[in-house]
Amino acid sequence: MKDTILLAYSGGLDTSVLVKWLQEKYDVDLITVILDVGQQNDLKEIEEKAKSLGVKKHYSIDAKEEFATNHVFPAIKANALYEGKYPLSTALARPLIASKIVEIAEKEGATTVAHGCTGKGNDQVRFDVTIKALAPNLKVMAPVREWGLTRDEEMKFAKANGIQISCLSNPYSIDQNLWGRSIECGPLENPEQEPPEEVFEWTVPPEKAPDKPEYLTIKFEYGVPCAMNGENLHPVTLIQTLNKIAGEHGVGRIDHMEDRLVGIKSREVYECPAATVLLEAHKDLEKMVLTRHEVLFKQQIDAQWTFLVYTGLWMDPLREDLEAFIDKTQECVCGEVKVKLYKGGVQLVGRSSPMSLYDLNLATYDIQTNFNQSYSEGFIELWGLPTRVSNILKTKTKKT
Ligand code: ARG
């Protein structure tokens, strides 16, 4: 019996070339797998393409709900923005794809799995680490890492082998899912140059966005969004709807100088309309319901969670340890946030929560309240004590 290799297939250039290359090089049965994580590609067409390339079997798995609930929602709870900018859209989907591949490999009795990542990016790390953590005996192949082919050479190989690629004339490498669109390569590699308009698909240029702002009310329950403008929505529908609405206002374009795990600085361009709105709204609501100490400490936990996920360590037990803390804090992150979308920007203009720690009676400057201002003088005396002591000493030593 022939060995079976399972390939994570996207229908794009790298993985299509990979099918032909694996067939040429090894006498094996090839099974391709694609996950629907909301990338909006025609999965039927991709299946036909895989079959036309001669694979033995093709799996197409709808993983949108699992992706939204088990990967995107934890990222919202963790306010996950890598280096303060990137909502981790690509990074969040990789461990899910890897885990499904392992599942199918086991079902099909495959000894080897392959993916189309290059040796320069983060995705290879995310796939390899997750697959090896879940199935230590499975062999992982990343032939693109060994080829050293340029994109141009790959295109030539594709043409020579009759591979139909709609992106043959497209210089960009694109990865899409519910949480965003990552665009790399071509003219984007010059960080001085503004991204050409043609790279954007989900957002209009802010200057062409409607002249009237649009208001949305987003409801959160236990740290995750559950309704918009009073209508309860399924996680996938909520994200998809918000991508559309915020995109129409030019919200979610991100141009980022990013530090990859392998040490390379790269210029990355993203379109993440829903992520941009939901992360802002969630962070704002947290500030209303968590204490100052919780807010400041959680920032460190959030940054650690984000770093783990970016760097491919989804399977490390630390992620769940951190989530235990994060989930505990989210018990009171319930309420509504009002956002205003206008010409590429999202502004938070209102928030309310049954768990609000805001006390008008304490905060107001208007009326006599039960905040006893006379205590402030003594408080300041002690708060500034160490600073005063140190400065008195400095003045003394300067004089002597
Ligand atoms: N820099 C991002 C990350 O590491 C996006 C990678 C996008 N991948 C792609 N094939 N275009 O998560």
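Coordinate-derived values only; no laboratory data. Please read these numbers as outputs of a predicted model, since none were measured by experiment. Note that we place each Cβ from the backbone using ideal geometry, even for glycine, and neighbour counts take in every protein chain shown.
Brief remarks on what is shown
- Spin-label model distance (nm) - T364 vs Q299, 7 Å beyond Cα toward Cβ: 3.1 nm
- Candidate lysines for bridging to K107, where Cα separation is under 26 Å - those fewer than 8 sequence places away on the same chain excluded: K2, K20, K25, K44, K49, K51, K56, K57, K64, K132, K139
- Computed magnitude of the charge dipole of segment 92-144 (debye, nearest 20; Cβ of K, R +1, Cβ of D, E -1): 140 debye
- Here each label is just a point 7 Å from Cα along the line to Cβ, and for V28 and K328 those points are 4.5 nm apart.
- The convex hull defined by the C-alpha atoms of segment 278-348 has an orientation-averaged projected area of 5.6 nm².
- Burial order of peptide ranges 112-120, 266-274, 353-361 (average beta-carbon count within 10 Å, highest first): 266-274, 112-120, 353-361
- Structural descriptor for segment 219-288: relative contact order 27 percent, calculated from alpha carbon pairs under 8 angstrom and at least 6 residues apart.
- Histogrammed with a bin width of 5 Å, the alpha carbon distances of segment 1-158 distribute as 2, 9, 18, 21, 22, 16, 8, 4, 1, 0, 0 percent, first bin at zero.
- Amide H contacts under 5 Å for A114, placed H, 5+ residues apart: L6, L7, A8, M141
- Per-residue HN-Hα couplings for segment 40-45 [Karplus 6.51, -1.76, 1.60; θ = phi - 60°; Hz; x = Gly/Pro]: 6, 8, 7, 5, 5, 4
- Rounded tilt (10° steps) of 385-399 against the dominant C-alpha axis of the chain: 80 degrees
- Against the chain, whose longest principal axis is taken from its Cα atoms, helix 235-248 shows a tilt of about 80°.
- Proximal lysines to K298, defined as alpha-carbon separation beneath 24 angstrom and excluding residues fewer than eight positions away on the same chain: K77, K85, K219, K283, K287, K328, K338
- Where both bridge residues fall in the chain, DSSP classifies roughly 65% of the beta bridges as antiparallel.
- Potential extension, D321-F371 segment - 0.36 nm per residue separation minus Cα distance: 14.1 nm
- Peptides 42-55, 380-393 ordered by average Cβ neighbours within 10 Å, highest first: 42-55, 380-393
- C-alpha center-to-center spacing [segment 233-260, segment 295-336] in angstrom: 21 Å
- The angle between the Cα long axis of helix 273-289 and the main principal axis of the chain comes to about 30°, on a 0 to 90 degree scale.
- Dividing the mean sequence gap of close Cα pairs (under 8 Å, 6+ apart) by how many residues the chain holds gives a relative contact order of 18 percent.
- For the chain, the Cβ-based charge dipole about the Cα centre amounts to some 980 debye (Lys, Arg positive; Asp, Glu negative; other atoms uncharged).
- Just so you know, the Rg over Rh for segment 196-318 is 1.00, from Cα atoms, with Rh as the Kirkwood radius.
- Gyration tensor verdict on segment 291-400 (Cα atoms; rounded if a/c is under 1.5, prolate if a/b is larger than b/c, oblate otherwise): oblate
- Translational diffusion of segment 86-196, µm² s⁻¹ [Kirkwood Rh, Cα pairs; Stokes-Einstein; 10 °C; 1.306 mPa s]: 100 µm²/s
- Rg in Å to one decimal, and Dmax rounded to a whole Å, for the chain via C-alpha atoms: 25.2, 90
- Taking label positions 7 Å along the Cα-Cβ direction at both R267 and N391, the computed distance is 4.6 nm, reported to one decimal.
- Cα lying deepest toward the dipole's positive end in the chain, options Q124, N229, H71, charges on Cβ: Q124
- Full extension of the chain between K244 and T150 yields a length gain of 30.4 nm, computed as 0.36 nm times the residue separation minus the alpha carbon distance.
- For segment 166-250: Kirkwood Rh in Å [reciprocal of mean 1/r, alpha carbons]: 15.2 Å
- Length released on extending from K208 to T111, taking residue separation times 0.36 nm less the Cα-Cα span: 29.7 nm
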